[in-house]
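Structure first, then comments.
The values are calculated or read from the model by the stated rules, or taken from the named source; none is laboratory data. In this text the structure is predicted, and so the values were computed from the model without any measurement. Cβ: placed from backbone, ideal geometry, glycine included. Neighbour counts: every protein chain shown.
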Amino acid sequence: MTRTSSSAIEPYQTLFARYLDNTDGKDAVAEALASHARALGRPRILDVGAGPGTIATRLLDEAEHVTVVEPSPDFAGTHESRASGRYRFFQQTIQEFEAPSGSFDLIVLSYVLESIPGRDWSAVLAKLDELRSDRGVILGVTYVDGCAWEAFADFVDTTIGASGAREGGTDRIIRQLRDLGYAPVIDRVLETSIWGRDVDELFDVLEFFFRNEADKYESARPRLLKELARLSKVTRSRVSLPVLEAVFQVRS
């Protein structure tokens, strides 16, 4: 069977939805962040770069209110449909967002710092510090360098060229925060996975991360499949790629 590259026919939302249906990562991260929210006691939460709001929706159960800042128009309708006195949506970048100092007790950056240009980190972090209350906590999430997911992403980058999938990782994020004078602390490491019914379906699920080079990713399928099979775990019902995800605090 000849496969057709999805780069021209599958929009971001389709790729992302397929990924969400085949991972336990978002649920695990949401629960880890929710445990912090419970410890703070009904905090005012700011979710920066919230995507479709998978985590924000879970955090709402533990919060006084949740404010979502997400610039992509792809998710605007989803957030607007949830908008209420306790769920607030701003279609803006964090650089554009404005709120009084000390407005939030928990600020969430789940796979967000890696999407911000390095030259802007200092200004963004200074702004988050201003928005954080006296008891406030800034929590980030990124993958742990050296896990099977990172090894596959590295192999993809080596094979097809830089895809942008490996812009994060604990090594880079922690180093850059320290260079800016912050004291990041890894709070916990979560063992999650991404799966498919077989290695071919897993390959298709992972296309979400390499969507910017989707044609090259598809063209290299035979070679990439061999490496993916080597890194994956096989059970009766699925083939899964292990991921380690770190939840870390950004301390001034």
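Output the residues belonging to the stretch 193-252 that are part of a strand (DSSP E or B), in contact (Cβ under 8 Å) with a residue 40 or more places away in the chain and among the hydrophobic types (A, V, I, L, M, F, W, C). Before the answer, list the steps.
If we filter the stretch 193-252 for residues that are part of a strand (DSSP E or B), which is where we start, we get 193-196, 233-234, 239-251.
So of that shortlist, the ones also in contact (Cβ under 8 Å) with a residue 40 or more places away in the chain come out as 193-196, 233, 239-251.
Within the stretch 193-252, 194, 195, 239, 241, 243, 244, 246, 247, 248, 250 meet the criteria.
Restricting to the stretch 114-144, give me the number of residues that are in contact with a helix residue (DSSP H, G or I) (Cβ under 7 Å, 6 or more places away or on another chain), surrounded by 19 or more Cβ atoms within 10 Å (Cβ to Cβ) and either in a strand (DSSP E or B) or at pLDDT 95 or above (or both).
Total satisfying the criteria: 7.
For the stretch 136-161, name all the residues that are closer than 17 Å to residue 212 by Cβ and in contact with a strand residue (DSSP E or B) (Cβ under 7 Å, 6 or more places away or on another chain).
Within the stretch 136-161, 152 is the sole residue that qualifies.
Test of understanding: among 18, 88, which residue is outside any loop (DSSP other than H, G, I, E, B) and either at pLDDT below 95 or farther than 20 Å from residue 205 by Cα (or both)? First the steps, then the outcome.
On the way: 18 fails: either at pLDDT below 95 or farther than 20 Å from residue 205 by Cα (or both).
Residue meeting the stated conditions: 88.
Of all the residues that make up the stretch 176-214, how many are surrounded by fewer than 15 Cβ atoms within 10 Å (Cβ to Cβ) and at pLDDT below 95?
Here the count works out to 1.
So residue 82 clears everything in (1) touching a residue at least 24 places away in the same chain (Cβ under 8 Å); (2) more than 24 Å from residue 30 (Cβ to Cβ) except one condition, right? Which one?
It fails just one condition, (2).
Is it the case that some residue within the stretch 91-102 is of a type in the set (Gly, Ala, Ser), over 25 Å from residue 34 (Cβ atoms), in contact with a Leu (Cβ under 9 Å, 6 or more places away or on another chain) and without any contact (Cβ under 8 Å) to a residue 60 or more places away in the chain? Explain how you work it out, then say what you get.
Taking the stretch 91-102 and keeping what is of a type in the set (Gly, Ala, Ser), we get 99, 101-102.
Of the ones still in play, those that are also over 25 Å from residue 34 (Cβ atoms) are 101.
In the following step, the residues that additionally are in contact with a Leu (Cβ under 9 Å, 6 or more places away or on another chain) were identified as 101.
Adding the requirement that they be without any contact (Cβ under 8 Å) to a residue 60 or more places away in the chain leaves 101.
Yes.
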